[in-house]
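Visitor: One structure coming up, written as structure tokens, with questions to follow.
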Amino acid sequence: MLFVFRFMRGFLRIRVTGFSPERFMNLCSSHGILLWDITPCGCCYEMTVALPDFYRLKPILRKTKTRVHILGRTGFPFLMTRWRKRKLFFAGFLACAFFLVYLSTFIWAIDLEGGRQLTREMLLDFLSDRQIAYGVKKSSIDIDALEKSLRNEYPFITWTSSKIEGTKLMIYVKENDIRTGSQPEEKTSADLLADTDGVVESIITRQGVPLVQEGEAVKAGDILISGDVPIESDDKVIVGHQLVRADGDVLVRTSKSYSDSLAIRY
């Protein structure tokens with residue numbers, strides 16, 4: 001950012017020679033003239049100074065009996081001098097840059113991720129009904145209202161998130177996997193229950209929500225892993241439930257009594 005500021009003002013690389021270059025630099029400092037990239041070169045010094053400060057050096061040079069040689073010129077003012085005969089080219093360059101910046105304030109791409117029941121065509125029709133299409137102003141899109149409308153319009157959507165990346169509108173959705181009608185038996189909801197009394201030694205959950213922890217006492221019939229998975233929105237509000245078959249490995253330490261009898265004579 002500092003280089004951009006210096007480039008817009010313009011700066012020069014100079015070499016200072018004469019009786020006392022050190023006094024020259026001290027006087028520049030006392031007059032508020034910034035010098036940087038100072039390099040000693042034998043009996044002289046090379047340094048960089050801003051273009052506006054360069055015009056203030058004359059009385060200091062006269063006072064210290066030093067001379068300045070310009071080694072290089074860099075910056076926007078020098079480019080303007082070089083391009084003064086190409087005004088149309090420079091104006092066209094500025095107009096092109098302004099046009100690109102202006103176009104970046106619009107939406108030029110719409111992307112959908114996670115949708116199976118919600119197809120791209122359905123999404124584009126939904127957005128078109130709400131005046132959201134290619135070429136719409138980014139500032140006119142209410143992200144929160146868009147997410148709420150999607151959940152209300154399509155009940156099978158359990159979670160949605162939208163954001164704008166550059167000129168692209170990104171929409172992420174998650175859908176309820178439970179379908180009405182006939183479905184395989186293995187897709188129905190089921191909890192994992194304890195079949196004996198004991199203390200939980202370890203629990204590894206692959207699917208579902210664990211309801212017990214290591215070291216907790218359980219009884220036969222208690223639910224160890226629930227098949228009811230709550231679906232939360234971005235603000236941690238439960239907006240639905242997904243029913244799955246609970247799956248996991250639960251090790252329970254238990255005790256069983258054992259008795260046997262043997263004849264005295266054998």
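Visitor: Give me the three principal axis extents of region 6-153 from the C-alpha atoms, as integers in angstrom, largest value leading.
Guide: 84, 35, 24
Visitor: Still on this structure, please answer the following. With the chain treated as a Gaussian network of Cα nodes joined by springs under 10 Å, which of 24, 93, 126 yields the largest mean-square fluctuation?
Guide: 24
Visitor: Still on this structure: What number does region 43-122 give for Rg over Rh if you use C-alpha atoms and the Kirkwood radius?
Guide: Radius of gyration over Kirkwood radius for region 43-122 works out to 1.40.
Visitor: Mind pulling the angle between the C-alpha long axis of helix 120-129 and the longest principal axis of the chain? Nearest 10 degrees, somewhere in 0 to 90.
Guide: Approximately 70 degrees, to the nearest 10.
Visitor: Semi-axes of the equivalent ellipsoid for region 97-166, please: Cα gyration tensor eigenvalues, times 5, square-rooted, ordered largest first, whole Å.
Guide: Here the semi-axes work out to 25, 12, 11 Å.
Visitor: Further question: How much length is gained if the chain between residue 112 and residue 73 is pulled fully straight, taking 0.36 nm per residue apart and subtracting their Cα-Cα distance, in nm to one decimal?
Guide: 8.9 nm
Visitor: Say each of residue 167 and residue 119 gets a label point 7 Å from the Cα, pointing the same way as Cα to Cβ; how far apart are those two points in nm?
Guide: 2.8 nm
Visitor: Would you work out which of 166, 110, 77 lies farthest towards the positive end of the dipole of the chain? Charges go on Cβ: Lys and Arg +1, Asp and Glu -1.
Guide: Of the options given, the answer is 77.
Visitor: Take the solvent-accessible surface of the protein heavy atoms, probe 1.4 Å, and return the percent of it on the chain that carbon and sulfur atoms account for.
Guide: The C+S portion of the solvent-accessible surface of the chain is 56 percent.
Visitor: Something else now. Could you give the Stokes-Einstein D for region 1-71 in µm² per second, using the C-alpha Kirkwood radius, 10 °C, 1.306 mPa s?
Guide: Diffusion coefficient, whole number: 130 µm²/s.
Visitor: Same structure again: For residue 8 and residue 38 in one chain, what is 0.36 nm times their gap in residues minus the Cα-Cα distance, to one decimal in nm?
Guide: Full-extension gain reported as 8.7 nm.
Visitor: Further question on the same structure: Using only Cα atoms, what is the ratio of the radius of gyration of region 130-266 to 2.2 N^0.38 Å?
Guide: Cα-based Rg divided by the globular estimate yields 1.73.
Visitor: Let me ask something else. When ligands, DNA and RNA are left out and all protein chains stay put, how many square angstrom of accessible area per residue does region 48-103 have with a 1.4 Å probe?
Guide: Counting only protein heavy atoms, the per-residue value for region 48-103 is 79 Å².
Visitor: Could you compute how much accessible surface residue 121 exposes when probed at 1.4 Å, giving the result in Å² to the nearest 10?
Guide: My reading of the accessible area for residue 121 is about 120 Å².
Visitor: How would you rank 71-81, 151-161, highest first, on the average number of other Cβ atoms within 10 Å across their residues?
Guide: 151-161, 71-81
Visitor: Please give the calculated 222 nm ellipticity per residue for the chain, where each DSSP H segment of at least 4 residues contributes -39500 (n - 2.57) and the sum is spread over every residue; nearest 500 deg cm²/dmol?
Guide: -8000 deg cm²/dmol
Visitor: Between their Cα atoms, which of 148/174; 137/174; 219/256 are more than 20 Å away from each other?
Guide: 137/174
The values are calculated or read from the model by the stated rules, or taken from the named source; none is laboratory data. The shown structure was predicted, so the numbers you read here are calculated from the model rather than taken from an experiment. Cβ atoms come from the backbone with ideal geometry, glycine included; neighbour counts cover every protein chain shown. Note: areas computed on protein heavy atoms with side chains; ligands, DNA, RNA excluded. Shrake-Rupley method; radii C 1.70, N 1.55, O 1.52, S 1.80 Å.
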